[in-house]
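Below is one structure, written out as structure tokens; the observations come after it.
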Amino acid sequence: MIPEYRKQFNQEFSDEKYHQLKNILTEKGGTAPGFRVSESPIFLTKEFEKKLIDASESIISQIKAMPAELLQKAIPENCRVSNDTHQPHFFTIDFGVCKSENGTIEPQLIELQAFPSLYAFQKVYEETYCEVYPFLSEIRNPMSHDTFKNYLKELIVGDEHPENVILLEIFPERQKTAIDFALTEKLIGIKTVCLTKVKKEGRKLYYENNGKLTEIKRIYNRVIFDELDNIPDLHTEFDFREEVDVKWITHPNWFFKISKFLLPLLKHEFVPKSYFLHEFPEHENLENFVLKPLFSFAGSGVNLNPTKEITDSIQDKENYILQRKVFYEPIFEDINGDFAKAEIRLLYIWRENDERPILLENLGRMTKAAMVNVDFNKKDAIWIGSSNAFFG
């Protein structure tokens, strides 16, 4: 994929430049990334980029046409939060880089969510690649740093003073994505606050800001709500389900509404056929499908080779889907002549008065393992981990 850029990158690559890349990211973030940073960006053609965007636009149109009552069914009763919004503030969509039956490289939908990924980090990551390898500036994302910053600040901070807006996470200092929190703080001037530090008085929420109790009016939410139940001895003053005078960016209900729940409902040539487990037809072969729980994060609970014994043993079949297997094509050549596979996440924002979301940036993930998760790779592998896609 764009062989001239791959060739030039591989010729210019060195361990020194890789360390330089990581050191610049650490310096800019004030902390090192808690996840593996890939040595290489992902190079893809403009033709592939068009396929990505056309598929995304079709999926967005299909979601917009879905009745609100249908989407409400995706929210577990114990996770329902009041004051829902008519659309999410964030929309992200993952595609694997695959090969079709006729041999062309094409995207295949893997997942989608209305939850913010590493927006601030990915912009800085792209810029840092261009600092270390200046020739990449020829094919970088055309959106300027200032435009990106203004979009994100308008969405998250809105008309409020930044001190009344927080990035909310549970034990943020322990999260692998802490560098993104730090870069978000620098970019738009808000503080990161742990859920355990939020104070509640009546319907109002507060946090301690430089020794002063400060009202929270908007929350840039990074808490995975359904994971809170798995944290032992968690004590908080504020429960998500309580009615409070705060604006959610984005509202927690959308984490469930834009999720694997939608996969069986979407149709497109780049959307693999999916079924809810309880609706899986007899004519389909289980060997051709991946089993995924509806409510999980970062690939947990995914079974690449489900058996009838496994699926029969599941009690809550409506909370699982079977998605037709797609095969990531190893086309990203490293300096040793080995090849990595990849997936691309498109990072959109969806402003409240806009009909459609706006594409800001992308996030790439590279692997040499069966799943696109760094934990599944051999420890000495290269061209794996978090990346960024350049289209030329």
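The values are calculated or read from the model by the stated rules, or taken from the named source; none is laboratory data. The model shown is predicted, which means the values in this text are computed figures rather than measured ones. We place every Cβ from the backbone using ideal geometry, glycine too, and count neighbours over all the protein chains shown. Just the protein is used for accessible areas: all its heavy atoms, side chains included, with ligands, DNA and RNA removed. Shrake-Rupley method; radii C 1.70, N 1.55, O 1.52, S 1.80 Å.
Laid out as a table, the results:
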{"read-out": "Residue selected from the range 304-334 under the condition part of a loop (DSSP other than H, G, I, E, B) and open to solvent by 80 Å² or more (accessible area, probe 1.4 Å), by the criterion nearest to Tyr5 (Cα to Cα)", "value": "Phe327"}
{"read-out": "Residues satisfying the stated conditions in the range 13-23, i.e. open to solvent by less than 60 Å² (accessible area, probe 1.4 Å) and either touching a residue at least 40 places away in the same chain (Cβ under 8 Å) or under 22 Å from the mean Cα position of the chain (by Cα) (or both)", "value": "Phe13, Lys17, Leu21"}
{"read-out": "Residues satisfying the stated conditions in the range 118-155, i.e. open to solvent by 10 Å² or more (accessible area, probe 1.4 Å) and among the small types (Gly, Ala, Ser)", "value": "Ser137, Ser144"}
{"read-out": "Scope the range 99-126; condition over 19 Å from the mean Cα position of the chain (by Cα) and either assigned to a strand (DSSP E or B) or modelled with pLDDT of 95 or more (or both); matching residues", "value": "Lys99, Ile105, Glu106"}
{"read-out": "Subset of the range 24-52 that is farther than 18 Å from Gln175 by Cα and part of a loop (DSSP other than H, G, I, E, B) - its residue that is most open to solvent (accessible area, probe 1.4 Å)", "value": "Thr45"}
{"read-out": "Residues (over 17 Å from Leu118 (Cβ atoms) and of a type in the set (Lys, Arg)) located in the range 128-152", "value": "Arg140"}
{"read-out": "Selection count, the range 95-105, where residues are touching a residue at least 12 places away in the same chain (Cβ under 8 Å) and open to solvent by 10 Å² or more (accessible area, probe 1.4 Å)", "value": "2"}
{"read-out": "The range 145-156 residues that are without any contact (Cβ under 8 Å) to a residue 24 or more places away in the chain, paired with ones that are part of a helix (DSSP H, G or I) and open to solvent by 10 Å² or more (accessible area, probe 1.4 Å) (beta carbon under 7 Å, 6 or more apart)", "value": "His145/Glu127"}
{"read-out": "In the range 358-392, residue modelled with the highest pLDDT [restricted to those that are in contact with a Leu (Cβ under 8 Å, 6 or more places away or on another chain) and open to solvent by 40 Å² or more (accessible area, probe 1.4 Å)]", "value": "Leu359"}
{"read-out": "Residue count for the range 322-365, restricted to those that are over 16 Å from Pro116 (Cβ atoms) and in contact with a helix residue (DSSP H, G or I) (Cβ under 7 Å, 6 or more places away or on another chain)", "value": "8"}
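Rundown of residues vs (1) open to solvent by 40 Å² or more (accessible area, probe 1.4 Å); (2) charged (D, E, K, R); (3) in contact with a strand residue (DSSP E or B) (Cβ under 9 Å, 6 or more places away or on another chain), yes/no style:
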residue: Glu160; (1), (2), (3): yes, yes, yes
residue: Glu163; (1), (2), (3): yes, yes, yes
residue: Glu169; (1), (2), (3): no, yes, yes
residue: Ala178; (1), (2), (3): no, no, yes
residue: Thr192; (1), (2), (3): no, no, yes
residue: Lys197; (1), (2), (3): yes, yes, yes
residue: Leu205; (1), (2), (3): no, no, yes
residue: Asp229; (1), (2), (3): yes, yes, no
